[in-house]
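Novice: Pasting in a structure now, in structure tokens, and then I'll have a few things to ask.
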Amino acid sequence: MSILVMKFGGTSVATLDRIRRAAKRVGREVANGHDVIVIVSAMSGETNKLVGLVDDTSPLYEAREYDAVVSSGENVTAGLMALTLQEMDIPARSWQGWQVPVQTTSAHAAARIEAIPPENILAKFGEGMRVAVVAGFQGISPEGRITTLGRGGSDTTGVALAAALKADECQIFTDVDGVYTTDPRICDKARKLHRIAFEEMLELASLGAKVLQTRSVELAMRYAVPLRVLSSFDEYSEDAGTLVCAEDEIVESNVVAGVAHSKDEAKMTLISVADRPGIAAAIFGPLAEAGVNVDMIVQNISEDGRTDMTFSCPVNQVARARDAMEKAKASGEINFHDLVADEDVAKVSIVGIGMRSHAGVASKMFATLRDENINIKVITTSEIKVSVLIDRKYTELAVQSLHDAFGLEKAG
Ligand code: ADP
Ligand code: ASP
Ligand code: MG
């Protein structure tokens, strides 16, 4: 028996027509002899609508109830997809996360999958079911509460099920026909990559290329799940899309594989905190406890025993971060003069495993931004990436000029 996982994102199930189109694709694989696990996202725009309802109800919401609300979009598409397949005489049924069960941690709104016992789905395949339609993005905590896997989490549901059920391949159907050198929506010279290494995809995803959720790439790498990104609108071909694979399966690659950007960033600066041992722990401990995802950190030079501490976090966590810092100040754990938030920043990054063996990549990036008169506010680097924080209004210009500077229009 061979199992295939096919995940359809929000735009691919945005209307009943598109659900039918996706179902036909699934039908073709069933006819080819596969048992299929279909993962569906909520219809395009639905999750945003649900998040908005939660925000309007309770700005510092409790994450358990956030999950109860925002997970519901996937229930609708899972049922509709199962009904559509049944209309085509394909034995199919829907599964919500808890029914599979997709067992997760209790980190609500950002839960991690811990295990997926495959028995329930396998038993139904054994009884003649040909398609299991699983609501993406959802899980169940050890306490029996509904969890969600973070935005874009249906990709992770797909890869985790592919690993748990030892599927031949995990196919991610979306509104672009593969992974590009940069977001094709903001750079018309972006080129589709035939293959990309897990490590590069992992960095691109975590730096804002939302075509795959970061955690899905991590899982695919760990469990060696062949992962393919495809368009749900193109006709089928054997070699379609982009294969995310091990580094040694790639023959030729650029020093820089791609450029990523994220506009959901904010820069926060604590003005005049005491420069003493333990200050970073006193600041970032409460932020972590409040669920703030701190990314870049810079501590300025200290003067008279006091310093400024700058960090970046997702822009929608600014209120939460401010609340955590005010509470830490009130309890005497830290003292600061002011907390300044800059909510008009973006992060732009270049990524490539070739950077390990090539010097001068970062300086070329800085020179390119200088030539465009773009000021860099914060820099971070790792072995295979360089990221900068800049004014948000320059995001497109920065991405396009870096794409040109590193010759990515010739990639693919
Ligand atoms: P889905 O709803 O199918 O999960 P997403 O919106 O989450 O789709 O992801 C697909 C989008 O990712 C594309 O429409 C594209 O704008 C964006 N994207 C960002 N970076 C890249 C990239 N390097 N390659 C392809 N798509 C990218
Ligand atoms: N519907 C969820 C979201 O919009 C999960 C997903 O689509 O992957 O984030
Ligand atoms: Mg997505």
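Novice: Loop only per DSSP, at most 15 neighbouring Cβ atoms within 10 Å: give me the GluC sites (Glu not before Pro) in region 39-78, ordered by residue number.
Specialist: Numbers: sites: 46, 62, 65, 74; in loops: 62.
Those satisfying the criteria are 62.
Novice: For region 158-200, what class follows from the C-alpha gyration tensor (a ≥ b ≥ c being the square roots of its eigenvalues): rounded when a/c is under 1.5, otherwise prolate if a/b is larger than b/c, else oblate?
Specialist: Prolate is the answer for region 158-200, as a/c is 1.5 or above and a/b outweighs b/c.
Novice: Turning to a different aspect of this structure: Rank by packing, highest mean first: peptides 315-323, 363-371, with packing defined as the count of other Cβ atoms within 10 Å averaged across residues.
Specialist: Listed from highest to lowest mean packing, they are 315-323, 363-371.
Novice: With every atom except the alpha carbons ignored, what do you get for Rg and Dmax of region 167-301, in angstroms?
Specialist: 19.0, 62
Novice: Starting from region 352-412, pick out the GluC sites (Glu not before Pro) whose DSSP state is loop and whose Cβ has at most 13 other Cβ atoms within 10 Å.
Specialist: Here the sparse-neighbourhood loop sites are 383.
Novice: Further question: Expressed as an acute angle from 0 to 90° and rounded to the nearest 10, what is the orientation of the C-alpha long axis of helix 361-371 relative to the principal long axis of the chain?
Specialist: The helix 361-371 is inclined about 70 degrees to the chain.
Novice: Further, regarding this structure: Just the accessible area per residue of region 1-121, please: how many Å² with a 1.4 Å probe?
Specialist: Ligands and nucleic acids excluded, the figure is 46 Å² per residue.
Novice: At R0 = 30 Å, how high is the FRET efficiency between residue 28 and residue 75 if r is their beta carbon distance? Nearest 0.05 is fine.
Specialist: Values: r = 26 Å, r/R0 = 0.86.
According to the calculation, E is roughly 0.70.
Novice: Peptides 386-392, 19-25, 249-255: what's the order by average Cβ count within 10 Å, highest mean first?
Specialist: 386-392, 19-25, 249-255
Novice: Using only Cα atoms and rounding to the nearest 10 degrees, what angle (0 to 90) does helix 395-405 make with the longest principal axis of the chain?
Specialist: Helix 395-405 and the main axis of the chain meet at about 80 degrees.
Novice: What is the distance in Å between the Cα centroid of region 117-173 and that of region 202-227?
Specialist: Taking the Cα centre of region 202-227 as reference, the centre of region 117-173 is 17 Å away.
Novice: Rounded to the nearest percent, how much of the accessible area of the chain (1.4 Å probe, protein heavy atoms only) is carbon and sulfur?
Specialist: 49
Novice: Could you give the radius of gyration (one decimal) and Dmax (whole number) of the Cα atoms in the chain, in Å?
Specialist: Over the chain's Cα set, Rg and Dmax evaluate to 22.5, 76 Å.
Novice: Select from 181, 142, 158 the residue farthest towards the positive end of the dipole of region 134-214; place +1 on Cβ of Lys and Arg, -1 on Cβ of Asp and Glu, and compute about the Cα centre.
Specialist: Positive-end residue among those listed: 181.
Novice: Rounded, prolate or oblate: which fits region 67-191 when a ≥ b ≥ c are the square roots of the eigenvalues of the alpha-carbon gyration tensor, with rounded for a/c under 1.5 and prolate only if a/b beats b/c? Provide the component values of the computation, followed by the final result.
Specialist: Working: a/c = 1.76, a/b = 1.24, b/c = 1.43.
Since a/c reaches 1.5 but b/c is at least a/b, the shape of region 67-191 is classed as oblate.
Novice: Tell me which of 2, 287, 231 sits at the most positive position along the dipole axis of the chain, charges placed on C-beta atoms (Lys, Arg +1; Asp, Glu -1).
Specialist: My answer, from the dipole projection, is 2.
Novice: Can you tell me which of 159-165, 399-405, 293-299 comes out highest on packing, and rank the rest after it, using the mean Cβ neighbours within 10 Å?
Specialist: Result, highest mean Cβ count within 10 Å first: 159-165, 399-405, 293-299.
Novice: Which whole-number value in Å² is the accessible area per residue of region 291-336, probe 1.4 Å?
Specialist: 54
Novice: Continuing with the same structure: Comparing 204, 193, 270, which has the greatest mean-square fluctuation in the GNM of the chain with Cα pairs linked when under 10 Å apart?
Specialist: Looking only at 204, 193, 270, the biggest GNM fluctuation is shown by 270.
Novice: Taking every DSSP beta bridge that has both residues in the chain, what percent is antiparallel when rounded to the nearest 5?
Specialist: 60
Novice: Within region 214-245, which GluC sites (Glu not before Pro) sit in a loop by DSSP and count at most 16 neighbouring Cβ atoms inside 10 Å?
Specialist: 235, 238
Novice: Where does helix 318-330 land angle-wise versus the long Cα axis of the chain, in degrees 0 to 90, nearest 10?
Specialist: The angle comes out near 50 degrees.
Novice: GNM on the chain, C-alpha springs below 10 Å: top fluctuator among 101, 91, 142?
Specialist: 142
Novice: On to the next question. Stokes-Einstein at 10 °C, 1.306 mPa s, Kirkwood radius from Cα pairs: D for region 233-331 in µm² s⁻¹?
Specialist: 93
Novice: Still on this structure, please answer the following. Treat every Asp and Glu Cβ in region 173-303 as -1 and every Lys and Arg Cβ as +1, leave all other atoms uncharged, and give the resulting dipole magnitude about the Cα centre to the nearest 20 debye.
Specialist: 360
Novice: Would you mind working out the magnitude of the charge dipole of the chain relative to its Cα centre, with +1 at each Lys and Arg C-beta and -1 at each Asp and Glu C-beta, to the nearest 20 Debye? The partial results should precede the final answer.
Specialist: Numbers: 42 positive and 57 negative charges, 73 e Å.
Here the chain has a charge dipole of around 360 debye.
Novice: While we're on this one: With a ≥ b ≥ c taken as the square roots of the eigenvalues of the C-alpha gyration tensor of region 1-133, please select rounded if a/c is under 1.5 and otherwise prolate if a/b is larger than b/c or oblate if it is not?
Specialist: Details: a/c = 2.86, a/b = 1.53, b/c = 1.87.
It is oblate, given that a/c is not under 1.5 and a/b is not larger than b/c.
Novice: Just how far, in whole angstrom, is region 27-59 from region 311-340 if you go by their alpha carbon centroids?
Specialist: Between the Cα centre of region 311-340 and that of region 27-59, the gap is 34 Å.
Novice: Quick one: of 329/377; 210/267; 347/377; 263/364; 189/393; 124/166, which pairs are farther than 18 Å apart, Cα to Cα?
Specialist: 329/377; 210/267; 263/364; 189/393
The values are calculated or read from the model by the stated rules, or taken from the named source; none is laboratory data. What you are looking at is a predicted structure, and each value in this text was computed from that prediction instead of being measured. Note that we place each Cβ from the backbone using ideal geometry, even for glycine, and neighbour counts take in every protein chain shown. Accessible surface areas use protein heavy atoms only, side chains included; no ligands, DNA or RNA. Shrake-Rupley method; radii C 1.70, N 1.55, O 1.52, S 1.80 Å.
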